[in-house]
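A.B. asks: Attaching a single structure in structure tokens format; questions to follow.
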Amino acid sequence: MADSSQEYITHHLQNLTYGKLPAGYVRVNKYDGTETELTTSTWTIAQSSQEAKDMGFMAVHLDSLGWSVFMGALFVWLFSRAAKKATAGVPGTLQNICESVVEFVQGMVKDTFHGRNPMIGPIALTVFVWIFLMNSLKWIPVDFIPGIASMLGAPYFKIVPTADPNGTFGVAIGVFLLILFYSIKVKGVGGFAKELSFTPFNHWLFIPFNLFLEVLGLLTKPLSLALRLFGNMYAGEVVFILIALLPFYAQWVLNIPWAIFHILVIPLQAFIFMVLTIVYLSQAHEDH
Amino acid sequence: MNMNLTVLGQLIAFAGFVWFCMKYVWPPLVSAMQERQAKIAEGLDAASRAARDLELAQSRAAEQLRESKHQAAEIIEQANKRASQIIDEAKEQSRLEGERLVAAAQADIEHEINRAREDLRKQVSELAAVGAAKILGQSVDTAAHQRLLDQLADEL
């Protein structure tokens, strides 16, 4: 039981990885243990966690990427459908929902962001809705879609993109690049460099110390964004997987309360990510 | 849990969605909302203006009503006055007319009396002449005794 439990958990925490195995790599068949050596480097789907690991950086998590793009497309499709038919008169149901979300985001931006930048609203809206939709995949029972995928022949399948550090770091790096872009755009290269060198201690002797602090602070922003979201989602996912190890008739005792708890967690994490994005971009626009 | 190209894919997807949202989602929705806001503000404005207008109209109507009541009372008073005046005039006229009629009737009566007296006088003188003739057995020469007869008639 312990062995199979561990296997079950690691299996559910492994992404479907498509990547490059180098020439001379020895693949081990997980059913009969036979070994085959690759003559040339090949792009293929990893059949074990070890293979996925050995692929290194030249690999793609098909499940994370696919589901995140699907969820993003869902967001874009729904909202652009509402936007295309948007009227100033009596709004329909879809337009109503979309407008409520937009108004909510707009309110957050107005409260937090004091510069003038028409980009902040769309960025915040995308971040909020997209991350919410990706997080919400957690409500789907852990074995449901992976089960269908394994029937279709996929060795692994993990559907929540935000429980994959690649997924959260991708968005966080996007935000980081926006921070750098707007810092330089608003303050100029010199102004940005000056801000990094002369805060918090405004003396030339402190330049190295200031630089160390500020660059560290700057790098902490995307890191904290990505790790907070990833940590929350991954931990929640692990708990769902652990609950799934219980006998089927007892699972509801734990997984229903846990899913209900995620009604709080899922929007909250999306909200925190959005608010911090707005705050960071607001700081990037502030001239000291 | 390996870091790999997925990060890059996610970054590109993020950029794409932000771009799409900025271009096709945000502006129409926000402009529709702003437009509706303006419309609602306009509507509320119009409503309060209409309420003020209504209040004004009501007070004006009340004032007009009061004024017309006042006018009506004035007219009635005038009419009453006029009526009593007409009645007085009519009374005066009829009194005058009555007096005139009475005077005319008295004049007629006087006239009739005088004429009757004259007739009577004439007839009496004639009667006296006839009586005297009868008495004297001969006809009285009326012409010769005219002076006597006239005297008699005057005495009657």
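A.B. asks: Report the residue count in the range A:42-80 for those that are modelled with pLDDT of 90 or more and among the hydroxyl-bearing types (Ser, Thr, Tyr).
C.D. replies: Residues flagged as modelled with pLDDT of 90 or more and among the hydroxyl-bearing types (Ser, Thr, Tyr) within the range A:42-80 amount to 3.
A.B. asks: Would you mind telling me which numbered condition in (1) touching a residue at least 12 places away in the same chain (Cβ under 8 Å); (2) within 9 Å of another protein chain (Cβ to nearest Cβ); (3) of a type in the set (Ser, Thr, Tyr) A:Thr112 fails?
C.D. replies: Among (1) touching a residue at least 12 places away in the same chain (Cβ under 8 Å); (2) within 9 Å of another protein chain (Cβ to nearest Cβ); (3) of a type in the set (Ser, Thr, Tyr), A:Thr112 violates only (2).
A.B. asks: Among the listed residues A:Gly217, A:Gly170, A:Gly190, identify the single one that is more than 14 Å from chain B (Cβ to nearest Cβ) and farther than 16 Å from A:Gln283 by Cα.
C.D. replies: Of the residues listed, the single one that is more than 14 Å from chain B (Cβ to nearest Cβ) and farther than 16 Å from A:Gln283 by Cα is A:Gly190.
A.B. asks: Going through the range A:56-74 one residue at a time, which ones are hydrophobic (A, V, I, L, M, F, W, C) and facing chain B (nearest Cβ under 7 Å)?
C.D. replies: Those that are hydrophobic (A, V, I, L, M, F, W, C) and facing chain B (nearest Cβ under 7 Å): A:Phe57, A:Met58, A:Ala59, A:Val60, A:Leu65, A:Val69.
A.B. asks: Moving on. Does any residue of the range A:81-90 turn out to be under 28 Å from A:Leu276 (Cβ atoms) and in the same structural domain as A:Trp130 (by TED's automatic domain parsing)?
C.D. replies: Checking the range A:81-90: at least one residue is under 28 Å from A:Leu276 (Cβ atoms) and in the same structural domain as A:Trp130 (by TED's automatic domain parsing).
A.B. asks: Also: In the set A:Leu196, A:Leu225, A:Leu254, A:Leu213, which member is open to solvent by less than 40 Å² (accessible area, probe 1.4 Å) and over 22 Å from the mean Cα position of the chain (by Cα)? Give the derivation first.
C.D. replies: On the way: A:Leu225 fails: over 22 Å from the mean Cα position of the chain (by Cα); A:Leu254 fails: open to solvent by less than 40 Å² (accessible area, probe 1.4 Å); A:Leu213 fails: open to solvent by less than 40 Å² (accessible area, probe 1.4 Å).
Sole residue among the options that is open to solvent by less than 40 Å² (accessible area, probe 1.4 Å) and over 22 Å from the mean Cα position of the chain (by Cα): A:Leu196.
The values are calculated or read from the model by the stated rules, or taken from the named source; none is laboratory data. What you are looking at is a predicted structure, and each value in this text was computed from that prediction instead of being measured. Note: ideal-geometry Cβ built from the backbone for every residue, glycine included; neighbour counts use all protein chains shown. For accessibility, only protein heavy atoms count, side chains too; no ligands or nucleic acids. Shrake-Rupley method; radii C 1.70, N 1.55, O 1.52, S 1.80 Å.
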